[in-house]
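One structure is given here, and the rest of the page talks about it.
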Amino acid sequence: MNLNEAMTYINAATWSQWKLGLGRTRELLDRLGNPQRELRFVHIAGTNGKGSTTAMIESVLRAAGYRTGMFPSPYIEDFRERIQVDAQPIAEDALCELTERVRDAADAMEDHPSQFELITAIGMLYFQKMQCDVVVLEVGLGGEFDSTNVIDAPDVAVITNIGFDHTDYLGDTLAKIASAKAGIIKSGSAVVAYPNVPEVMEVIAGACDRAGCPLAVADFGRMTVRGADLTGQQLSWRAEAVDGAEAVAVVGTADEAAAETDSLTFTLPLVGEYQIRNAAVALTAVEAFRRRGWSVPDEAIVRGMETVCWPARFEVLGTDPLFILDGGHNLQCAEAVALSLEKYLPTTKVTLLIGMLADKDYLAVIDTLLPYAARCYCVTPDSPRALAAKDLAARIRERMASDWDSSEKAACDVRETPACYVRVFASIPEAVQACLDEPHPVLAFGSLYMAGEVRKAYRKLTAGGTL
């Protein structure tokens, strides 16, 4: 099997839909010798922040000297990013070999596995083959019935920020969604959670109580921002309280100096207000990992946080013009990006390059980001679930109509209008080219399914290439 054959098999459309449930994955892995049973895990579920938190934890554990596996979802530019060891994508020959092995097992099953279940099995085989010390495993969808949940109790289960997303699969209330995410909590694990509204925290705490798992809720107050710009954020993380004592320092006292001495200070290269909170969750998870007996020195924490790489999350692709890429896709992501725009570009409007999936709450996203837009360039992400660019543009114009006078409405597609205007592009590279010709900073936002193409187009065009 060559790489093209492997990818054709994995991407076969008849198996690409989500099929929640663990039966197929369990049968497939059983046919493959249950490689997951030879591995240790940090398992991460949540609505937003899963990928960034996964990347931070993996970077710290790798800096501590462990051979790490990482299973993020989805990929940005290359499918092989989905399965990584020591931050390196799976080798092509290994992907082909293991896909062929998985195909032989999967094709013998009466109920054929879904695409994500096939990828999960390939990942488990690769992590076993590479003898990973620990795998940082990101849930694909939900938690309880996601194929990654076939693993035994992880060392640490992490629940990141929870909001409304995938409501057709997970439920239409925060409590139902939290219950699905909390399905990764198993007896024998330590649990770390992002602080959320009471109805979410009650679900998570209840799941921990039933499983007999200790719960640590990230304390954002332990993180101090020393400085921040579009190159990174200077942060200090206060040491854990000892014997239940509160680690609170009063400004100008000896306690403050002591707390400063007990802090880890580092520069996080990931930009955005929300990454400060994700960092607090990741570091709380590392502390839970330490309590499980794993050695993670302070210097490894600092080095890991300073060298973490996670593209398409308020990522600055370039500065002439300022071009920011964020793969956010829902209302929570849009609100987080809006806060970052207010912090880093408080008096400047942006050219908004936007593409959305039709099953997302794109109207709420539009309402959140339009106040920051000087122009809106609409594209269609590369996904069968994509909202067509022309339909997205129509919705944006409807939202803006009440704020425009008649002359502005008539000129909404005319390049010279001073008002925020809307344009539709047939391709993402054409839209990126138009953005580079504009005087405004650029924010590309709306879906990870378009982020890879934006990055590729930006690199090509700024290197002197043409469409």
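The values are calculated or read from the model by the stated rules, or taken from the named source; none is laboratory data. All of these numbers come straight from a predicted model, not from anything done at the bench. Glycine gets a Cβ as well: all are built from the backbone with ideal geometry, and neighbour counts include every protein chain shown.
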Being under 30 Å from PHE266 (Cβ atoms) and either under 22 Å from the mean Cα position of the chain (by Cα) or not in a strand (DSSP E or B) (or both) narrows ALA175, ALA157 down to just ALA157
Quick check: anything in region 257-267 under 30 Å from VAL442 (Cα atoms), at pLDDT 95 or above and not hydroxyl-bearing (Ser, Thr, Tyr)? yes
List every residue pair whose Cβ atoms sit under 9 Å apart, with the two residues 6 or more apart in sequence or on different chains, where the first one lies in region 206-217 and is under 15 Å from ALA285 (Cα atoms) and the second, anywhere, is part of a loop (DSSP other than H, G, I, E, B) and among the aromatic types (Phe, Trp, Tyr). VAL217/TYR194
Answer residue from region 339-392, given it is hydroxyl-bearing (Ser, Thr, Tyr) and closer than 17 Å to VAL454 by Cα and is modelled with the lowest pLDDT among those: SER383
Go through region 320-359 and give me each residue that's without any contact (Cβ under 8 Å) to a residue 40 or more places away in the chain and closer than 23 Å to THR160 by Cα. GLU335, ALA338
Test ALA13 against the stated conditions and say whether it is modelled with pLDDT of 95 or more and aliphatic (A, V, I, L, M). no
Qualifying residues in region 194-203 (those that are touching a Leu at 6+ places or on another chain (Cβ under 7 Å) and among the β-branched types (Val, Ile, Thr)) - the one surrounded by the fewest Cβ atoms within 10 Å (Cβ to Cβ): VAL197
Answer yes or no as to whether THR53 is crowded, with 24+ Cβ neighbours inside 10 Å, over 30 Å from GLU335 (Cβ atoms) and in contact with a Ser or Thr (Cβ under 6 Å, 6 or more places away or on another chain). no
Given the criteria surrounded by fewer than 20 Cβ atoms within 10 Å (Cβ to Cβ), at pLDDT 95 or above and more than 21 Å from the chain's Cα centre (by Cα), does GLU438 qualify? no
Using the structure shown, decide if PRO74 is in contact with a Leu (Cβ under 6 Å, 6 or more places away or on another chain), within 30 Å of ALA336 (Cβ to Cβ) and surrounded by fewer than 22 Cβ atoms within 10 Å (Cβ to Cβ). yes
Going by the structure shown, is VAL102 of a type outside the set (Gly, Ala, Ser), within 24 Å of THR53 (Cβ to Cβ), in the same structural domain as ASP30 (by TED's automatic domain parsing) and touching a residue at least 24 places away in the same chain (Cβ under 8 Å)? no
Do we have LYS176 as modelled with pLDDT under 95 and among the basic types (Lys, Arg) here? yes
Please determine, by comparing only the residues of region 429-467 that are assigned to a loop (DSSP other than H, G, I, E, B) and touching a residue at least 24 places away in the same chain (Cβ under 8 Å), which one is nearest to VAL316 (Cα to Cα). PRO441
